[in-house]
Amino acid sequence: MTQIANIHGRNKRATIAALKKSLKLHECIVAESKGRIMGYGCMNYAFFGRGFVSILYVAKAARRRGTGNRLLAAFEAECRSERIFTSTNLSNLLMQSLLNSRSYRLSGVVQDLDPGDPELFYSKQLR
């Protein structure tokens, strides 16, 4: 739980609450190396009954080293739906690059979740 306290951003309380709920429901995967948390992610099926990666976080020191790629691969492997979804802000170029490298495609855009920074929804056909 100490990692949850280190979350930054505009929606810190909502993110912490969602993470605590996901942890209780065993929806999270944690990536670690040498006893240190390198990243984590959560996936559930609340998005129209399809696998949805609701959060994917990689520590700055672990970025561009395969941690996010391995987390997404793990979610794809355990996903029970034929298609998996996730989203990211337009400003998050690193996440967009990761999704493109794993053959996700843009599925839609939602305005006004974060003013001035649209939410981009991506999906990938698994089977």
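What number comes out for the charge environment of LEU90, summing +1 per Lys or Arg and -1 per Asp or Glu over other residues with Cβ under 11 Å away?
Values: positive: none; negative: ASP114, ASP117, GLU119.
The answer is -3.
Between beta-carbons, use under 13 Å as the cut-off and find the net charge around SER107, counting Lys and Arg +1, Asp and Glu -1.
Overall, the nearby charge balance is +3.
Among CYS79, CYS28, sorting on how many other beta-carbon atoms sit within 10 Å of each Cβ, with the fewest leading, yields CYS28, CYS79.
Only aspartates and glutamates eight or more places from LYS20 in sequence, or on another chain, were considered; those with a Cα closer than 20 Å are GLU32.
Looking at the stretch 4-125 from every direction and averaging, what is the projected area of its Cα convex hull in nm²?
Values: hull surface 30.5 nm².
Taking a quarter of the hull surface, the average projection is 7.6 nm².
A cut-off under 12 angstrom between Cβ atoms defines the neighbours of PHE121, and their net charge, with Lys, Arg +1 and Asp, Glu -1, is +3. Cross-link reach is defined here as a Cα-Cα straight distance under 17 Å, omitting same-chain residues fewer than 8 places apart; for LYS124 the aspartates and glutamates meeting it are GLU76, GLU78, GLU82. Listed by number, the DSSP H helices of the chain that run 30 Å or longer by alpha-carbon position along their axis and have mean Kyte hydropathy of at least -0.5 come to an empty list. Computed on the stretch 52-114, the Cα convex hull volume stands at 97 Å³ per residue.
Each reported figure results from applying straightforward, stated rules to the coordinates on display, with no laboratory input. Quick caveat, the model's predicted, so the values are computed rather than measured. Ideal geometry is used to build each Cβ from the backbone, glycine not excepted, and the neighbour counts take in all protein chains shown.
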